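Below: one structure, written as structure tokens.
The values are calculated or read from the model by the stated rules, or taken from the named source; none is laboratory data. Because the structure is predicted, anything quoted here is derived from the model rather than measured. Cβ placement follows ideal geometry from the backbone for every residue including glycine, while neighbour counts extend to all protein chains displayed. When the accessible area is computed, the model is the full protein with side chains, heavy atoms only, and any ligands, DNA or RNA have been set aside. Shrake-Rupley method; radii C 1.70, N 1.55, O 1.52, S 1.80 Å.
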Amino acid sequence: MLLNSKGKHRRPSKATRLATLAGVAGAAVAVPLMGATNASAASVETWDAVAQCESGGNWSINTGNGYYGGLQFSQSSWAAAGGTQYAARADLASKDQQIATAEKLLDMQGPGAWACAGAGGLTNDGVDPGVNPGGSGQSASKPEQAQPQRQAEQPTTRSEQREAPKAESKKTVTTPTGDKVKKGDGEYEVKSGDTLSKIAQKEGVKGGWSKLFQLNDDIVEDADLIFPGQQLHLK
């Protein structure tokens with residue numbers, strides 16, 4: 001799965017998943033939590049292997065734990081990578097649509113967005129999977145009311161952010177999807193390719209990425225979603 005605020009953009013049920021948690025700038029970035037490349041791609045066989053590890057290869061799985069589909073997208077990562085153009089949630093989209101969205105997330109965050117990247121041999125190898133995401137997913141129904149708690153705690157809606165006075169632009173940064181997120185006023189400015197874990201290690205933050213997330217939870221709503229230009233507090 002993709003690990004989230006407690007373990008990247010996937011559920012943190014295993015110790016190995018916690019160990020791989022590196023923070024997520026985009027995802028999901030938005031500027032990726034993991035390093036990004038300009039031409040990321042992987043074969044269908046590779047995505048099948050990742051899905052087998054993430055969800056047992058069930059591309060329509062929804063266990064109610066906040067992660068959906070074969071590649072276990074969090075809702076925020078699915079939206080950040082453009083998956084909502086296909087379906088409200090990953091489990092409602094087709095396999096091809098999930099892979100197409102995963103390709104974008106791979107480009108934004110790198111293989112580290114998935115705890116099962118190693119098990120599937122996922123790399124930015126530039127291989128075109130050749131999927132066809134056209135058409136609708138399994139269902140056009142509206143998403144269930146239950147949403148990840150982190151989303152429910154957002155202080156403002158995206159529409160409110162877009163309608164904010166121009167003066168507010170200095171207090172926000174624009175994500176790759178065109179949305180606005182809080183900029184913050186910390187001493188460290190997020191750069192492309194940064195992740196919470198990388199920053200914590202580089203700056204010697206005691207408590208690692210989780211402490212860094214706690215220090216900045218007023219602007220970082222999902223540990224796997226940090227963006228270039230955001231300014232984080234290190235202590």
Would you call residue 113 at pLDDT below 90 and in contact with a Cys (Cβ under 8 Å, 6 or more places away or on another chain)?
no
Scan the range 154-184 for residues that are in a loop (DSSP other than H, G, I, E, B) and either among the aliphatic types (A, V, I, L, M) or modelled with pLDDT of 90 or more (or both) and jot them down.
164
Report whether or not residue 103 is out of contact with any strand residue (DSSP E or B) (no Cβ under 6 Å at 6 or more places or on another chain), modelled with pLDDT under 70, within 25 Å of residue 221 (Cβ to Cβ) and not small (Gly, Ala, Ser).
no
Starting from residues that are of a type outside the set (Lys, Arg) and surrounded by fewer than 24 Cβ atoms within 10 Å (Cβ to Cβ), keep the ones in the range 96-109 and report whichever is nearest to residue 85 (Cα to Cα).
100
Across (1) at pLDDT 95 or above; (2) over 18 Å from residue 132 (Cα atoms); (3) touching a strand residue (DSSP E or B) at 6+ places or on another chain (Cβ under 7 Å); (4) not small (Gly, Ala, Ser), residue 58 clears everything bar (3)
With respect to residue 123, is the statement that it is in contact with a strand residue (DSSP E or B) (Cβ under 9 Å, 6 or more places away or on another chain) and modelled with pLDDT under 90 true?
no
The number of residues in the range 52-94 that are under 13 Å from the mean Cα position of the chain (by Cα) and open to solvent by 40 Å² or more (accessible area, probe 1.4 Å) is 0
Of the candidates 138, 151, 201, the one satisfying the condition of being modelled with pLDDT of 50 or more, surrounded by 13 or more Cβ atoms within 10 Å (Cβ to Cβ) and under 23 Å from residue 87 (Cα atoms) is 138
